[in-house]
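> First, the structure itself, so that you have it in front of you.
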């Protein structure tokens, strides 16, 4: 059975993976990045929304996603001139500085178009180099266990991070943008340390130059099931990370609930990692029942009432519980097809095409909801989340995950 590797005691599996010093350093650096991500990222969208409208969130996300894709693509070419650790560290540092400039200097740096561009450049450099580093440090190791361990650690951080961020913001005696200064400063400090640790990981440099032919061949070699999954999963990811927190804040105007939501989403991720062999490798009626609960809960988001807030927590928790194991299993299989080629960059860049397609689809829908205005925004945003989660259900069967 594919899940037989999970019959070992978790401590033994994890200790085997952590015996590599490169994996230990990678996990530390990555999760310091995740400290920043969990503490402040949800509140970036809330801050922009509270100082304007949903249109400011759309502007920020549009520039963020465009710049991230461009520099993710460019990272493949930059890797022939700079080490992956350098690009990884630069991505961390640039993200930290973009947050400090926006919150401390303000002005043009707080403009959602400028802020989103710098933030997106940092993301492109980070994720482009991160994918290759993850591929290299796990070569010859148990990747599914590594992904489960790393996701569990990130999930635990996400349990605490959003609530900690909400408490810091709530306890700050300032108003407006100034109340976000402490939480953004903590986030930036974590990114600086992450850059310092990441620079010491020691990943072998992929010296092959990237060409257009490499990209075409990689795209042809990626099976259709992965393309479908990447497209639909990124619609879903953007819905939970951007739409759901803003939707909840619009309903409640409560910073604490937004923080608690982040922790609830993270708890679904942690539990999903722990239950991977039961959720990923086995087709059981109770798994189907969980999908039914998630879809029904997202439908309740259409109701402009107190039930909408409850539904936001329920839908987000069950969605993460079910999709995290699928993502881990799919990424493990995807990395497996890249162990043979001389360079994995063309495959990661080709994957990004489909991720961007999902992002663009969601951003277009968000833009439409912002144009509607008023109560139409609530209904449209809620519908987006519902539809985006349902897009993950066929992906489950297309990838073969969940079957015996």
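Read-outs: derived from the displayed coordinates by stated rules, not from any lab. In this text the structure is predicted, and so the values were computed from the model without any measurement. A quick note on method: Cβ atoms are made from the backbone with ideal geometry, for glycine too, and the neighbour counts reach across all protein chains shown.
> Could you tell me which of rounded, prolate or oblate describes segment 32-188, using a ≥ b ≥ c as the square roots of the eigenvalues of the alpha-carbon gyration tensor, with rounded for a/c under 1.5 and, failing that, prolate when a/b is larger than b/c and oblate otherwise?
Working: a/c = 2.31, a/b = 1.41, b/c = 1.64.
Note, shape of segment 32-188 comes out oblate.
> Can you give the convex hull volume per residue for the Cα atoms of segment 181-250, as a whole number of Å³?
174 Å³
> Just rank 30, 256, fewest to most, by other beta-carbon atoms within 10 angstrom. Walk me through the numbers on the way to the answer.
Values: 30 22, 256 14.
With the fewest neighbours first, 30, 256 line up as 256, 30.
> To the nearest 0.05, how large is the calculated FRET efficiency for residue 77 and residue 254 if R₀ is 30 Å and r is the Cβ-Cβ distance? List each step's numbers first, then the result.
Values: r = 45 Å, r/R0 = 1.51.
Calculated value: 0.10.
> Using a 10 Å cut-off around each Cβ, can you sort 14, 347 from fewest to most neighbouring Cβ atoms?
14, 347
> Another question about this same structure. Regarding segment 110-200, what's the average projected area of the Cα-atom convex hull, expressed in nm²?
Values: hull surface 29.5 nm².
Reported value for the Cα convex hull: 7.4 nm².
> Counting other C-beta atoms within 10 Å, which of 156, 337, 235, 27 has the fewest, and how do the rest follow?
Values: 156 18, 337 15, 235 25, 27 21.
Lowest count first: 337, 156, 27, 235.
> Now for a different question. Over the Cα atoms, compute the radius of gyration (one decimal) and Dmax (the largest Cα-Cα distance, rounded to a whole number) for segment 73-158, in Å.
15.6, 49
> May I ask you to derive the relative contact order of segment 7-123, considering only C-alpha pairs under 8 Å and at least 6 residues apart, and to give it as an integer percent? Please list the in-between numbers first.
Details: 82 pairs, mean separation 35.5, N = 117.
Computed over segment 7-123, the figure is 30 percent.
> Can you tell me how much longer the chain between residue 51 and residue 16 gets when fully stretched, taken as 0.36 nm per residue apart minus their C-alpha distance, in nm with one decimal? Display every interim value, and only then the final one.
Details: separation 35, 0.36 × 35 = 12.60 nm, distance 4.85 nm.
Between residue 51 and residue 16, full extension yields 7.8 nm more.
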